[in-house]
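Right, one structure below, let's go through it.
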Amino acid sequence: MTFTTSLKEEISKNDFSLVEARYEIEAFIKATGKVKNEIVITLENASVARRIYKDIKMVFGISASIVVRIQKRFRVKQIYILTIKDKVDFIKHSIDIDNMDVKLESEEEKIAFLQGAFLAIGNISNPQTSGYHLEFICNNLDFAQTIQKLLVSFNLNAKIVERGYKSVVYLKSSENISDLLKLFKATGSMFFFEDIRIYRDHKNMVNRLNNCEISNQTKSIQTGLKQIEDIKYLKEHDLIDVLDEKGKIVVEAREKYPESSLTELAEIITLEYNYRIGKSGVNHHFIKITNLVKRHRSNNENQS
């Protein structure tokens with residue numbers, strides 16, 4: 001079962017009021033309904049089919065006929081076809097079928113409309129296997145703009161993209177998706193989503209720390225090798241005695257511990273040589289050594 005399927009099943013099994021049913025069925029019909037002399041709604045999820053059937057009965061006081069068909073294209077699955085033949089004109093007028101710019105006042109109405117739209121045309125990626133993505137695949141731009149406007153009214157950063165002949169409203173922020181699941185009262189799905197999000201965030205943080213540590217280790221090794229080269233140059237040109245006693249201690253420690261960081265080297269010198277020094281002190285000595293090497297090389301080049 002996909003995460004989309006389990007989420008829609010959870011939403012479908014929640015209790016709902018007459019107001020929720022009213023705007024849920026309006027969104028569903030406007031999103032996917034085929035309306036002529038009768039209203040035909042095609043669904044692939046049994047729980048959603050039961051929910052929409054109950055919505056129709058509660059709001060309009062009629063029972064839709066249900067036909068179950070087996071579709072064998074690509075994979076075998078059941079298709080549920082709900083057909084409304086009674087009160088069609090009344091329903092079309094009641095929901096203003098051709099008007100996609102719906103005017104909703106209360107939060108309950110807005111959430112119900114979004115919920116109905118999601119049950120009809122919504123998808124959400126599985127947070128375990130891919131990035132965070134929730135979308136409404138709309139047949140026209142007007143309906144997509146309505147969905148976007150409703151999402152934005154809840155401070156959800158919804159965007160629209162054209163995909164072929166469809167207009168897709170989507171959320172990419174994990175916080176936004178979690179907030180929408182909360183609005184839908186899909187507690188189980190929300191907790192599952194949050195658990196995965198926390199795990200992934202923690203894993204990403206650990207990876208970043210590891211990468212940072214590796215980077216720091218690489219820099220420490222490169223710094224140590226450069227300092228060893230400078231020390232080697234001093235020895236080859238009999239310049240070690242130019243250094244004071246503390247400088248000679250730092251040189252000796254670096255030769256013994258070529259891969260240690262400046263912080264580690266400072267601790268080693270403090271413990272082994274009884275010379276209390278910090279990272280900045282060690283660095284200061286190596287700056288003096290580097291400058292000494294540069295001056296000597298420059299003088300040799302000028303003389304030649």
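Which loop-located trypsin sites (Lys or Arg not before Pro) does the range 1-78 contain, where loop means any DSSP state but H, G, I, E or B and the Cβ has at most 14 other Cβ atoms within 10 Å?
Passing sites in the range 1-78 are Lys36, Lys72, Arg73, Arg75.
List the chymotrypsin sites (Phe, Trp or Tyr not before Pro) within the range 1-108 that DSSP assigns to loop and that have no more than 15 neighbouring Cβ atoms inside 10 Å.
Values: sites: Phe3, Phe16, Tyr23, Phe28, Tyr53, Phe60, Phe74, Tyr80, Phe90; in loops: Phe16, Phe74.
Filter output for the range 1-108: Phe74.
How fast does the range 1-44 diffuse by Stokes-Einstein, in µm²/s, taking the Kirkwood radius from C-alpha pairs at 10 °C and 1.306 mPa s? Walk me through the intermediate numbers first.
Details: Rh = 12.0 Å.
The calculation lands on 132 µm²/s.
Report, largest value first, the span of the C-alpha coordinates of the range 202-303 along each principal axis, in whole Å.
Largest first, the range 202-303 extends 59, 35, 19 Å along its Cα principal axes.
Where the only charges are on Cβ atoms (+1 Lys, Arg; -1 Asp, Glu), what is the dipole of the range 150-286 about its Cα centre, to the nearest 20 debye? List each step's numbers first, then the result.
Details: 20 positive and 20 negative charges, 230 e Å.
About 1100 debye.
Between Asp244 and Thr270, what FRET efficiency follows from the Cβ-Cβ distance if R0 is 22 Å, with the result rounded to 0.05? It would help to have the intermediate numbers written out before the result.
Working: r = 18 Å, r/R0 = 0.80.
Efficiency, from the Cβ-Cβ distance: 0.80.
How much mean residue ellipticity at 222 nm does the chain get from its helices, if each DSSP H run of length 4 or more adds -39500 (n - 2.57) and you divide by all residues, to the nearest 500 deg cm²/dmol?
Details: 11 runs with 184 residues, N = 304.
The helix-only estimate for the chain comes to -20000 deg cm²/dmol at 222 nm.
I'd like the distance between the alpha-carbon centres of the range 120-193 and the range 8-33, rounded to an integer number of Å.
Between the Cα centre of the range 120-193 and that of the range 8-33, the gap is 16 Å.
So which residue, out of Glu135, Glu162, Glu272, gets the largest mean-square fluctuation from a GNM of the chain using Cα contacts under 10 Å as springs?
Highest fluctuation of the listed residues: Glu272.
Assign one of three labels to the range 55-169, namely rounded, prolate or oblate, based on the Cα gyration tensor with a ≥ b ≥ c the square roots of its eigenvalues; rounded applies when a/c is under 1.5, prolate when it is not and a/b is larger than b/c, and oblate otherwise.
Cα axes put the range 55-169 in the oblate bin.
Using the crude model of +1 on Lys and Arg Cβ and -1 on Asp and Glu Cβ, and no other charge, please compute the dipole size for the chain relative to its Cα centre, in debye to 20.
On the way: 45 positive and 41 negative charges, 219 e Å.
Rounded to the nearest 20 debye, it is 1040 debye.
Can you work out the PRE-style zone for Glu301? Point 7 Å along Cα to Cβ, and I want the residues of the range 262-294 with backbone N under 19 Å.
Zone members listed by number: 288-294.
Take every Cα pair under 8 Å in the chain that's 6+ residues apart, average their separations, divide by the length, and report that relative contact order as a whole percent.
Details: 362 pairs, mean separation 40.3, N = 304.
Relative CO of the chain lands at 13 percent.
Over the Cα atoms of the range 92-159, what is the Rg over Rh ratio if Rh follows Kirkwood? Intermediate values should be presented prior to the final figure.
Numbers: Rg = 13.0 Å, Rh = 13.1 Å.
Ratio of gyration radius to Kirkwood radius: 1.00.
Taking the chain, how much of its Cα-Cα pair set, in percent, is spaced more than 36 angstrom apart?
Numbers: 21283 of 46056 pairs.
It works out to 46 percent of all Cα pairs.
Throughout, read-outs are computed from the coordinates displayed, never taken from laboratory work. Computed from a prediction, not measured in an experiment: that's the story for all the values here. A quick note on method: Cβ atoms are made from the backbone with ideal geometry, for glycine too, and the neighbour counts reach across all protein chains shown.
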